[in-house]
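Okay, here's the structure, questions in a sec.
The values are calculated or read from the model by the stated rules, or taken from the named source; none is laboratory data. It should be emphasised that the depicted structure is a prediction, and the values quoted were computed from it without experimental measurement. In this analysis, Cβ positions are derived from the backbone assuming ideal geometry, glycine residues included, and neighbour counts consider all displayed protein chains. The protein model used for the area step is the full one, side chains on, heavy atoms only, and it has no ligands, DNA or RNA in it. Shrake-Rupley method; radii C 1.70, N 1.55, O 1.52, S 1.80 Å.
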Amino acid sequence: MTRKKLLLLSTGGTIASVASDDGLVPGESGEELIKMMGSLPYDITVKDILSLDSSNIQPEEWKVIAQSIYDARHDYDGIVVSHGTDTMAYTTSMMTFMLQGINLPVVFTGSQVPMNVILNDAQSNMKLAFAAAANLDPGIYLAFDRQVLRGCRAVKVRTTAFNAFESVNYPVVAQVTSDGFEVHVHNHQEIKDCRLNTNVDSNVSLLKLFPGFDPSLLEVLAHNGCRGIVIEAYGLGGMTFIRRNLVGAVGKLIRRGIPVIAASQCLYERSDLTKYEVGRQALLEGAISAHDMTSESAITKLMWALGQGMDLPAITKFFATDVAGEVTIH
Ligand code: ASP
């Protein structure tokens, strides 16, 4: 059997970090990571594209990562991207929008403990990512702690434990068990050619509502050039309207053409603005439901939509559309 041809794009993160006087910093190259893993049953090519803690990964770096994946898409059977865990779920969500119709599996991974520490989780995560890149259907994934998650449904939920990520409102795509690599979800989307589109507008905000939230903050944001807002509202998406009238402030922004997305600060299940008065009033003002999307997916979807020049009606429609598995529309 011919060995699968896989590409490792390394970007830094804990997995590649070394101790320094300033704390852990990315230092190992992709080649060094591969060397530390011993022999693997694939034909692996390595490219170092960034060397950053993922707290420093921003839209500029997303473009570099997306372009590197796009350029390599016809030369390999699968791609692994090593990346810091802190912003990995934002990157995998954004890659979902930037690389729609991707024709091969692209699997992001990282670790909680650097590869050069003996009792690490880096080796098993990286081996899992390569197995996923060799075996899964095309798509953007995140592999961690024996599980492979759909990239746009992953959330980092733990700071130090090995099971740092969870799949939110979507089943785990694949898993390692004592029987080996088990695939639970297939991607039946028809693959045409991938469209790379890295235009994003980062003039957006992600706000978490709390009792006492001052709605005039929305006005300040708009005044400072903010072009779209995701609000992590309460429960099903409810917002305050007595005394501190957030619903009214949302309506004012929407009438100026600034989209406001109502997500939930509950991690699981969906927002539904139709159930309570506190949601319906927001809906009447034009708030857009994030349904069951993660905040990571909602904010990256908004950045991407604004980057395409979509206006308010187009964004409202876009958020009612499942682009690549990021949302369940009933
Ligand atoms: N701060 C690191 C990063 O995100 C954490 C990690 O990789 O686990 O780059």
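Quick check: net charge around V81, other residues with Cβ under 12 Å of its Cβ, Lys/Arg +1 and Asp/Glu -1?
Net of charged neighbours comes to -1.
Shifting gears a bit: Tell me, what is the 1.4 Å probe accessible area of V155, in Å² to the nearest 10?
It works out to around 10 Å².
Taking the Cα atoms only, what angle lies between the long axis of helix 88-98 and the longest principal axis of the chain, rounded to 10 degrees?
80
Let me ask you something else. Once you sort the root eigenvalues of the Cα gyration tensor of segment 77-130 as a ≥ b ≥ c, which label holds: rounded (a/c under 1.5), prolate (a/b larger than b/c) or oblate (the other case)?
Oblate, since a/c reaches 1.5 and b/c is not below a/b.
Sticking with this one: Could you report the chain's accessible area per residue, 1.4 Å probe, as an integer in Å²?
44
Over segment 1-158, what relative contact order in percent results from Cα pairs under 8 Å that are six or more residues apart?
Working: 349 pairs, mean separation 39.9, N = 158.
The value is 25 percent.
So, in Å, what gap is there between the alpha-carbon centers of segment 300-330 and segment 1-21?
32
What Kirkwood hydrodynamic radius, in Å, does segment 207-330 give when the mean of 1/r is taken over all pairs of distinct Cα atoms and then inverted? Write down the numbers at each step before the final one.
On the way: mean 1/r = 0.0705 Å⁻¹.
It is 14.2 Å.
Which residues among segment 222-260 fall inside the zone where the amide N is under 19 Å from a point 7 Å beyond the Cα of Y276, along Cα→Cβ?
Under cut-off, by backbone N: 231-251.
Here is a further query. Compute the angle between helix 246-255 and the longest alpha-carbon principal axis of the chain, please, reported from 0 to 90 degrees and rounded to the nearest 10.
80
Ratio of alpha-carbon Rg to the 2.2 N^0.38 Å globular estimate for the chain, to two decimals, please.
Working: Rg = 20.4 Å, N = 330, 2.2 N^0.38 = 19.9 Å.
The value comes to 1.02.
Relative contact order of segment 134-215: what whole-number percent is it, with Cα pairs under 8 angstrom and at least 6 residues apart? Display every interim value, and only then the final one.
Details: 86 pairs, mean separation 17.1, N = 82.
Dividing the mean separation by the residue count of segment 134-215 yields 21 percent.
With every protein chain left in place, what is the accessible area of S289 in Å² (1.4 Å probe, nearest 10)?
The accessible area of S289 comes to roughly 20 Å².
Calculate the dipole size of segment 69-180 relative to its Cα centre from +1 charges on Lys and Arg beta carbons and -1 charges on Asp and Glu beta carbons; express the result in debye to the nearest 20.
Here segment 69-180 has a charge dipole of around 220 debye.
Here's something else I'd like to know. Ordered by residue, what ³J(HN,Hα) values in Hz, to whole numbers, does segment 218-230 give under the Karplus form 6.51 cos²θ - 1.76 cosθ + 1.60, where θ = phi - 60° and Gly and Pro are x?
4, 4, 4, 4, 4, 4, 8, x, 5, 10, x, 9, 10
Which of the pairs K63/K208; K4/K63; K192/K275; K35/K156 have their Cα atoms more than 31 Å apart in this structure?
From the list (K63/K208; K4/K63; K192/K275; K35/K156), the Cα-Cα distance tops 31 Å for K192/K275.
Ignoring ligands, DNA and RNA, what percent of the accessible area of the chain is carbon or sulfur (1.4 Å)?
Summing carbon and sulfur atoms, their accessible area is 50 percent of the total for the chain.
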